[in-house]
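The values are calculated or read from the model by the stated rules, or taken from the named source; none is laboratory data. Everything quoted here is computed from the prediction, not taken from an experiment. Cβ atoms come from the backbone with ideal geometry, glycine included; neighbour counts cover every protein chain shown. Heads up: the accessible areas ignore ligands, DNA and RNA and are worked out on the full protein's heavy atoms, side chains in. Shrake-Rupley method; radii C 1.70, N 1.55, O 1.52, S 1.80 Å.
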Amino acid sequence: METDVLVVGAGPTGLALGIDLARRGVAALVVERAEALFPGSRGKGIQPRTMEVFDDLGVLGAIRAAGGPYPVGMIWQDGRRAGEHRMFDPAEASEDAPYDEPWMVPQWRTQEILLARLEELGGGVAFGREVVGLTQDADGVRAEFGSGEPVTARYAVAADGGRSTVRGLLGIGMTGETLDPSPTLVADVRISGLDRDNWHIFPPVGDGDGFLAICPLTGTEDFQLVARFPDETAPDLSLEGIRKVVAARSHLAPEAVTELRWASDFRPRAALADRFRAGRVFLAGDAAHVHSPAGGQGLNTSVQDAYNLGWKLGAVLRDGADATLLDSYVEERRPVAADMLGLSTSVHRGETRRGGATRQLGLGYRTSSLTHETRPGPGPLRAGDRAPDGTVDGVRLFDAFRGPHWTLLVLGGARVPDVTAPVRVVRGAAPGTYGPGLYLVRPDGYIGWAGDSPAGLPEYLARFGRC
């Protein structure tokens, strides 16, 4: 079988990439070694920047309907409510940033929504396809599977998680550290006797049993349970084992845990792949960077890897852009991943609050080779920055950006350039966050080029083929 892009892994990264490629008319095959989507809640926090990405990919409505805001933490002591704990610094929505807070959706539900969108666009996932061999040459990549015919693709993307088989086959190492040697149990359970308005926190008492947190998963009847254990402990992942933990660390009786739906144990670590690319194979998501769950950065950084890579693969495979454009994926995403690893580690250690940085709205690519700022005196918003939302002569900018195209903003009386490429043009008075001038917005919502005049704009656009 032949395809343009082979995507290995049907987690949030692989599914988001599949969606982006499908809407660009790129033939892509998403394969998954498991027989079904991942069943647990693991990555449950969707940050505001990822909400913007999901808006563009056409799944925001379903994501909002499936989830809700995070509940306020409630600290329990001796079976009584002892006080509230705010997990996140407050923020307010604004015209330029309409999504102001993390949105809770269990990972299994996010994946269902992404798969439904992929299928709506004519794509899908081949389950039960485990990669066991990988070779490549100057023309493409050949993947061998444990069962079924091999696949030949022009490019491949490893989106197969922190224990990536593809990364191992490529011989790419990961550099990092174990943040906490203590085992952590995570489980999706049904519990009676707890309200669903709070994230219930049971701190350890003295030298007794460890930390326990039970969070209602919005849009479901489940709770996510998190419990830490002493070093060298092997957590019991059975229903009876979890009942014992709950009874020992809270005021609840064992039988309050009525059902176990999924359970796992892990040791939080932070690690970054030594390379994000080997020839025609790219690493994305957990295959490229593994985060502590603290701060909710892993899934979000992963989806944005896919969002960055998707339009570039489309430009090369469908629009005639030079293949050197793909070099910018590593250039742009590896530094971001390194920064987000540092942030999530700092949150894990209690050194940083879950605030503005964790929302990921301030991430950008000012130093990228794709970024051209031609104005001698730019304001606060520069080429390389995220393009804010706003309204220009009655047109909402996020509505204008939505889709696989480029968008040119001609603001505040700037001269309209002669652009022959299929770029959507929006003109009118400048919103306060922009100021007058010309802003060329990339398909992933970042300003690629900015200027006071059109000089140099056609040459910039020519790098990306038909755009």
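The criterion of being of a type outside the set (Ser, Thr, Tyr), closer than 26 Å to THR3 by Cα and either in contact (Cβ under 8 Å) with a residue 24 or more places away in the chain or open to solvent by 30 Å² or more (accessible area, probe 1.4 Å) (or both) does not hold for GLY296. When we screen THR233, THR218 for residues that are surrounded by 14 or more Cβ atoms within 10 Å (Cβ to Cβ), of a type in the set (Ser, Thr, Tyr) and farther than 17 Å from LEU260 by Cβ, the only hit is THR218. Any residue at all in the range 65-79 that's open to solvent by 60 Å² or more (accessible area, probe 1.4 Å), under 30 Å from VAL31 (Cα atoms) and of a type outside the set (Lys, Arg)? For the range 65-79, residues open to solvent by 60 Å² or more (accessible area, probe 1.4 Å), under 30 Å from VAL31 (Cα atoms) and of a type outside the set (Lys, Arg): present. Annotation: GLU120 fulfils all but one of (1) out of contact with any Lys or Arg (no Cβ under 8 Å at 6 or more places or on another chain); (2) more than 21 Å from LEU313 (Cβ to Cβ); the unmet one is (2). The C-beta contact set for the range 6-25 (first residue of a type in the set (Lys, Arg), second residue assigned to a loop (DSSP other than H, G, I, E, B) and open to solvent by less than 20 Å² (accessible area, probe 1.4 Å), distance under 8 angstrom, 6+ apart or interchain) comprises ARG23/GLY403. Report yes if GLY435 is surrounded by fewer than 20 Cβ atoms within 10 Å (Cβ to Cβ) and either of a type outside the set (Phe, Trp, Tyr) or in contact with a Lys or Arg (Cβ under 6 Å, 6 or more places away or on another chain) (or both), otherwise no. The answer is yes for GLY435.
Residue count for the range 311-337 satisfying the condition of being open to solvent by 40 Å² or more (accessible area, probe 1.4 Å), in contact (Cβ under 8 Å) with a residue 60 or more places away in the chain and under 21 Å from THR358 (Cα atoms): 1.
Confirm whether ARG424 is touching a residue at least 12 places away in the same chain (Cβ under 8 Å), under 26 Å from LEU363 (Cβ atoms), open to solvent by 20 Å² or more (accessible area, probe 1.4 Å) and in contact with a His (Cβ under 9 Å, 6 or more places away or on another chain). So ARG424 fits the description; yes. Between a first residue in the range 115-133 that is without any contact (Cβ under 8 Å) to a residue 60 or more places away in the chain and among the β-branched types (Val, Ile, Thr) and a second residue that is assigned to a loop (DSSP other than H, G, I, E, B) and open to solvent by 50 Å² or more (accessible area, probe 1.4 Å), which pairs have beta carbons less than 6 Å apart while being 6 or more apart in sequence or on different chains? Correct list of pairs: VAL132/GLY146.
Looking at the range 133-183, the strands (runs of 3 or more DSSP E) lying wholly inside it that each contain 1 or more residues that are within 23 Å of VAL316 (Cβ to Cβ) and at pLDDT 95 or above sit at 141-145, 151-158. Within the range 90-111, the set of residues being open to solvent by less than 20 Å² (accessible area, probe 1.4 Å), closer than 20 Å to ALA16 by Cβ and either in a loop (DSSP other than H, G, I, E, B) or in contact with a His (Cβ under 7 Å, 6 or more places away or on another chain) (or both) comprises PRO102, VAL105, PRO106.
Do any residues in the range 70-87 that are assigned to a loop (DSSP other than H, G, I, E, B) have Cβ atoms under 8 Å from those of residues that are surrounded by 16 or more Cβ atoms within 10 Å (Cβ to Cβ) and of a type in the set (Asp, Glu), where the two are at least six apart or on different chains, and which pairs are they? Close Cβ pairs (under 8 Å, with a partner that is surrounded by 16 or more Cβ atoms within 10 Å (Cβ to Cβ) and of a type in the set (Asp, Glu)) amount to TYR70/GLU101.
Among (1) out of contact with any His (no Cβ under 9 Å at 6 or more places or on another chain); (2) hydrophobic (A, V, I, L, M, F, W, C); (3) more than 19 Å from LEU57 (Cα to Cα), which single condition is ALA383 missing? The one condition ALA383 does not meet is (1).
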